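What follows is a single structure, written as structure tokens, with notes after it.
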Amino acid sequence: MEEKLVRGISRWDLTAIAVNTIIGAGIFGLPSKVAALIGGYSLLAFFACAVIIGFIVLCYAEVSSRFAATGGMYLYAKEAFGSMFGFEVGWLYWIVRVTTFAANCNLLLAYLGFFFPQANEGSWRVGLIVLIVSAITVINFLGVRESSVMTNIFTVGKIIPLMIFATVGLFFIQPANFTFGEIPEYASFSSAILILIYAFVGFEAAVIPAGETKDPQKNVPFALLFALAFCAVLFIVIQIVAIGTLPDLAKSERPLADAAGDVRGRVLPRPGLPRRYRRRR
């Protein structure tokens, strides 16, 4: 079976897969959750979580450099502890990916509801979920090259809006929004880090298609480390912008959309205002 796989995934294709799986629903919803728990100290929580995940990524990078076959965690557990453990790890990972995909679909529709309220209601909601699942299924059936191209498109589609949000938002930060009062309790801070783990996981998906990757023993570790470093920096900047531009961040259900809407309101004129007042609200 392994010999029939086409090694059509390049180093940067694999990096795009890692970035795409890390940048999931988490960063679109969690900025407000951690801000509600620990306020401005959420920036430190993002950094601490990135360091913790970094140790795990280093383990994956080391182990993946020893394998050239498909399987990822299943393969590693099977080779180290036997078939039973490999089966258990593979089965548990399948459950994790299914539940994560469901969470991502829910948040995607919540954000679509920001632009089209009916998208997250009734038959529209069901129809859109079926459409998303069907489209991804068809692309995966077409082949590894088509899947790689689509992954690259999804990755760029995620990164560009987030980078625009982070870059433009830096110019509209209100320093008064950053408050560092009483140091949060250990329970609150650790809870925030535990929540943020959801934003950083997903990198493990990049180790699975090693049998379809060119020179996987070198490219898989590179993709893992680069993706984590890139996403960690991007997430921290996004949290800075979210805190700095949205005073009620802790109460927001769609923090990035609400923060972007707040910035947009400062840039674009509101109907009915005289021209001389159109630059700022």
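Quick note: the coordinates plus some simple rules give every number you see, no bench work behind them. Here the structure is a predicted model, which is why all the values come from computation and not from measurement. Cβ placement follows ideal geometry from the backbone for every residue including glycine, while neighbour counts extend to all protein chains displayed.
Assorted remarks:
- Among the residues of segment 158-172, none qualifies, meaning not one is touching a helix residue (DSSP H, G or I) at 6+ places or on another chain (Cβ under 8 Å), in a loop (DSSP other than H, G, I, E, B), farther than 30 Å from Gly211 by Cβ and not aliphatic (A, V, I, L, M).
- Selection count where residues are assigned to a helix (DSSP H, G or I), surrounded by fewer than 20 Cβ atoms within 10 Å (Cβ to Cβ) and either out of contact with any Ser or Thr (no Cβ under 7 Å at 6 or more places or on another chain) or among the charged types (D, E, K, R) (or both), scope segment 245-257: 2
- Within segment 40-87, being outside any helix (DSSP H, G or I) and surrounded by fewer than 18 Cβ atoms within 10 Å (Cβ to Cβ) holds for Ser65, Arg66, Ala68, Ala69, Gly82.
- Total residues in segment 20-43 satisfying the condition of being more than 25 Å from Arg97 (Cβ to Cβ) and either free of Cβ contacts under 8 Å to residues at least 24 places away in the same chain or within 14 Å of the chain's Cα centre (by Cα) (or both): the figure is 0.
- Restricting Val6, Val34, Val19 to residues that are in contact with a Lys or Arg (Cβ under 9 Å, 6 or more places away or on another chain), in a helix (DSSP H, G or I) and β-branched (Val, Ile, Thr) narrows the list to Val19.
- For segment 210-220, a residue qualifies if it is part of a helix (DSSP H, G or I) and either surrounded by 20 or more Cβ atoms within 10 Å (Cβ to Cβ) or within 13 Å of the chain's Cα centre (by Cα) (or both), and the qualifying residues are Ala210, Gly211, Glu212, Pro216, Asn219, Val220.
- Pairs where the first residue, in segment 206-225, is at positive phi and the second is in a helix (DSSP H, G or I) and surrounded by fewer than 23 Cβ atoms within 10 Å (Cβ to Cβ), C-beta under 8 Å, 6+ apart: Asp215/Arg11
- Applying the condition of being of a type in the set (Ser, Thr, Tyr) and without any contact (Cβ under 8 Å) to a residue 12 or more places away in the chain to segment 81-115 and asking which residue is nearest to Ile27 (Cα to Cα) yields Thr99.
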